[in-house]
Each structure stands twice: as structure tokens, then as C-alpha cells.
């Protein structure tokens with residue numbers, strides 16, 4: 001028997017209070033309702049209703065939590081749908097995936113915002129060797145921090161980046177919602193934001209460019 005991860009779908013902590021469940025349900029219901037022409041999704045709306053019916057009922061939630069803890073949800077690595085390998089696009093996707101994972105963790109578990117290196121490996125689905133350059137870059141940009149035990153944590157600058165850029169980077173938005181695959185258009189948008197073009201050197205008008213003779 002496979003247990004659907006309602007907490008992951010709602011992006012809330014397993015310890016979330018009923019008020020939080022109500023609030024998240026109302027927000028996502030407006031987004032996924034089939035009548036919404038921009039973001040409507042009948043399949044996700046059905047899953048949302050199912051999750052709400054279970055988690056908002058104390059008795060059903062107790063039964064669900066017991067089965068959830070016993071079996072544990074099956075987490076499909078992001079690498080099954082997103083390219084994380086050696087190309088430039090793969091590196092950009094790694095950066096976005098780390099930021100998305102840490103953002104979700106900080107939002108759903110504000111008192112435990114850290115994510116271990118082992119968990120990042122498991123969620124992304126590739127060896128830690130590929131994370132060293134990614135972590136170095138994000139840390140030096142001030143978007144993440146890394147503790148002595150190798151746990152990762154999103155900074156305030158990282159939160160600002162995720163929230164301001166998710167509308168500009170389709171990959172990031174998908175990672176924060178469904179974790180689905182990416183398209184060439186998505187990759188181009190990520191490339192534009194994460195690797196901006198160098199500032200051109202402009203010669204002011206009126207300045208003579210001579211051969212050095214005065």
C-alpha cells in the first residue's frame with residue numbers, strides 16, 4: 001500500500017495545526033480549482049480535497065499519521081525529471097533545486113530550517129560530489145549557509161531570491177510546486193537570471209578615439 005504524502009503536497013509540517021491546514025487549503029483551492037483559467041488543475045484539486053478531508057478530521061488524521069509513519073512516503077528523486085548533469089543547464093538546475101528544497105523546509109519547519117547533506121542527496125538523486133560547486137556558489141552569493149556538520153540552510157537573501165524570481169524562472173516555480181520536468185524555454189529563463197550578461201563598456205559620445213597622437 002502506498003501512502004500519499006499529503007503534508008508534502010500541501011507543503012506543511014506534519015505538526016501543522018488545524019488553522020494552518022484550513023488556510024493552506026483555501027489558498028490552494030483557489031489556485032487548483034478547475035474554473036481557474038490560469039492555474040486550474042482538476043487532478044490536483046481532487047488530491048487537495050482528499051488531503052483536506054483526511055487532515056482536517058482528527059480521527060482520520062490520527063489513522064493517516066500512524067500509517068504514514070509506519071510506511072513512510074516514497075520520495076521520487078528530482079533527477080528522474082530534471083537534468084542535473086554536467087552541462088551548464090544542469091548546474092543551474094542544481095542551484096535552483098537546492099534553493100527550492102531549502103525554501104520549502106524553511107517555510108514548513110521554521111524552527112528546523114536545516115536540511116542535511118544526505119537528505120539533499122536523496123531528494124535530488126545524485127552523489128554529493130556534484131553538490132560541492134553548487135554549494136560553494138550559493139554560499140558565496142549569500143543565498144545559503146552551511147554548518148560544520150554540512151547541513152544547509154536558506155538565508156534571508158535566499159528567501160528574497162526565491163520569492164522574487166519564481167515568476168521569472170519557470171523551473172524554480174515548478175520545483176516549488178510539482179517538481180516536474182523542464183523545457184528549453186525554462187532553461188533559457190534560468191540562464192538569463194542566474195548568469196546575467198556582462199555590463200557592456202560604453203564610450204561616451206563626443207570622446208575621440210585616436211591613434212594615440214595628440
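The values are calculated or read from the model by the stated rules, or taken from the named source; none is laboratory data. Keep in mind that this is a model prediction, so the values were computed, not measured. Please note: Cβ atoms are built from the backbone with ideal geometry, for glycine as well, and neighbour counts cover all protein chains shown.
In segment 3-15, the count of residues that are modelled with pLDDT of 90 or more, outside the structural domain of residue 112 (by TED's automatic domain parsing) and in a helix (DSSP H, G or I) is zero. Within segment 79-90, is even one residue under 30 Å from residue 127 (Cα atoms), touching a residue at least 60 places away in the same chain (Cβ under 8 Å), in the same structural domain as residue 161 (by TED's automatic domain parsing) and crowded, with 18+ Cβ neighbours inside 10 Å? Looking for residues that are under 30 Å from residue 127 (Cα atoms), touching a residue at least 60 places away in the same chain (Cβ under 8 Å), in the same structural domain as residue 161 (by TED's automatic domain parsing) and crowded, with 18+ Cβ neighbours inside 10 Å, one finds at least one in segment 79-90, hence yes.
Count of segment 15-25 residues, restricted to those that are loosely packed, with under 15 Cβ neighbours inside 10 Å and under 20 Å from the mean Cα position of the chain (by Cα), is 0. Does residue 111 satisfy the criteria of being closer than 24 Å to residue 16 by Cα and within 16 Å of the chain's Cα centre (by Cα)? For residue 111, the condition - closer than 24 Å to residue 16 by Cα and within 16 Å of the chain's Cα centre (by Cα) - is not met.
Within segment 69-117, restricting attention to residues that are modelled with pLDDT under 85, in a loop (DSSP other than H, G, I, E, B) and in contact with a helix residue (DSSP H, G or I) (Cβ under 7 Å, 6 or more places away or on another chain), the residue that is farthest from residue 128 (Cα to Cα) is 73.
Just wondering, is there one or more residues in segment 125-146 that are at pLDDT below 85, closer than 30 Å to residue 41 by Cα and either outside the structural domain of residue 15 (by TED's automatic domain parsing) or touching a strand residue (DSSP E or B) at 6+ places or on another chain (Cβ under 8 Å) (or both)? Within segment 125-146, one or more residues are at pLDDT below 85, closer than 30 Å to residue 41 by Cα and either outside the structural domain of residue 15 (by TED's automatic domain parsing) or touching a strand residue (DSSP E or B) at 6+ places or on another chain (Cβ under 8 Å) (or both).
Of the residues that make up segment 111-118, is at least one within 15 Å of residue 7 (Cβ to Cβ) and assigned by TED's automatic domain parsing to the domain that holds residue 161? Within segment 111-118, one or more residues are within 15 Å of residue 7 (Cβ to Cβ) and assigned by TED's automatic domain parsing to the domain that holds residue 161. Residues in segment 33-49 that are surrounded by 12 or more Cβ atoms within 10 Å (Cβ to Cβ) and under 21 Å from the mean Cα position of the chain (by Cα): 39, 40, 41, 44, 45, 47, 48.
Is it the case that residue 65 is modelled with pLDDT of 80 or more, exposed (fewer than 12 other Cβ atoms within 10 Å of the Cβ) and over 15 Å from the mean Cα position of the chain (by Cα)? Considered against the rule, which asks whether it is modelled with pLDDT of 80 or more, exposed (fewer than 12 other Cβ atoms within 10 Å of the Cβ) and over 15 Å from the mean Cα position of the chain (by Cα), residue 65 comes out as no.
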